[in-house]
1. State log₁₀ I(q)/I(0) for the stretch 223-266 at q = 0.17, 0.21, 0.22, 0.26 Å⁻¹ as given by the Debye formula over alpha-carbon point scatterers of equal weight, solvent excluded.
2. Quick check: the distance between the Cα centres of the stretch 12-34 and the stretch 322-349, to the nearest angstrom?
3. Please work out the C-alpha center-to-center distance from the stretch 89-143 to the stretch 243-308 and express it in whole Å.
4. Compare ILE344, ILE100 by solvent-accessible area with a 1.4 Å probe and give them largest first, with all protein chains kept in place.
5. Zone of THR148 (label point 7 Å along Cα→Cβ, backbone N under 14 Å): which residues in the stretch 176-194?
6. Can you say what percent of the DSSP beta bridges in the stretch 202-349, counting only those with both residues inside, are antiparallel? Round to 5.
7. To the nearest 10 degrees, how steeply does helix 300-313 sit against the main Cα axis of the chain, on a 0 to 90 scale?
8. For the Cα atoms of the chain, what angle does the longest principal axis make with the long axis of helix 326-341, in degrees from 0 to 90, nearest 10?
Amino acid sequence: ENEFSEEDTDFFFENILPSMIELALQLPALIQSPIPLLKKMMNHAISLSQQQASCLLANAFFCTFPRRNGGRKNSDYPEINFNRLFSSDSPRVLEKLKCILNYFRRIFISMPRGVLTFQRRYVQTFPKWEDSNLKFSTIKLLVSHEGTIEDATSMLQVDFANRYLGGGVLGFGCVQEEIRFVINPEMIVGMLFCESMRSEESIVMTGCEQFNKYSGYSNTFKWSRSNLDETPWDKFRRKMVYVVAIDAFSFHKPHLQFEENLLRREVNKAYSGFYHGSENESPIPVSSGNWGCGVFRGFKPLKALIQLIACVANRRNLVYYTFGEVELMIEIYKMFEFLRDNEITIGKI
């Protein structure tokens, strides 16, 4: 009543909502066996069609998943029902709902026919960082104060994740991870079956289409328009969109992030996210930025260095976005130049 025109409101209630109900009721036909859970300490993946994902999202919208409304106290899985989203009158929550409703509007115009893959990656053996002779001169770094992580096509894009996948996307949260999940709403489906992450784990999401464009961040976030995602497909009919969720440690006392055990934790987490097992293929670059530097209070140059180390160990180049911070852009590149030109090794760091 307050936000939409009468025409838009009528269109929603007369066209979109009945179609969502119909889609939700197709669940027994579209998903005929239990969905496997991506549990901790296992390397496994599941793939589903975009149509199956849309059906699961419609059910999440109508809050039909049992035993998933009680918050995280009784579960090690993220919330998936939309009840908390509906209970808020925050302007940014309304903008998130606009993204989700635009997604449903779009799929009812033309149901996408691609495939999505959610992969849990559990790394059991990490490099002996103190003994590593790998040099920073083996990779390339591009730092930019303009652009966003999702703009870097054909790269491994980093989701600054919560250990519960999706973070506060179905609540008040509206920073990097939550924004990514509402512009690519199919990512929300992973919250149904991905158990929370341990420090050795990451979750890779492949094929999730971007349906929305936005402006702003946090309190200034706004849905701006529908987005036509023209990313090419791979041989498995997945959009070549690769997003890795890695959760930084939350430093209530910021000085602790310079202690060895927590440095090691963060480097291992980034290594897990950027892991590339094949020696023969050249891995795609990483697209990242100030990971864990908001409410988790990470020190930006240190977080950039940690990600550089993980990229060197995985033979990946790095594209780093500083989100408008020109001085930080210069500082990070100067740091990398020093490490590269002086043939510094990871072990030396």
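The values are calculated or read from the model by the stated rules, or taken from the named source; none is laboratory data. Keep in mind the model is a prediction, meaning the values are calculated, not measured. So basically every Cβ, Gly included, is an ideal-geometry build from the backbone, and we count neighbours across all protein chains shown. Accessible surface areas use protein heavy atoms only, side chains included; no ligands, DNA or RNA. Shrake-Rupley method; radii C 1.70, N 1.55, O 1.52, S 1.80 Å.
1. Here log10 of I(q) over I(0) equals -0.67, -0.75, -0.79, -0.99.
2. Answer, in whole Å: 50.
3. Distance between centres, Cα-based: 14 Å.
4. Descending accessible area places them as ILE344, ILE100.
5. From the stretch 176-194, the list is 176-185.
6. Within the stretch 202-349, antiparallel bridges account for around 75 percent of the total.
7. That helix lies at roughly 80 degrees to the long axis.
8. Taking the Cα atoms of the chain, the angle to 326-341 is about 40 degrees.
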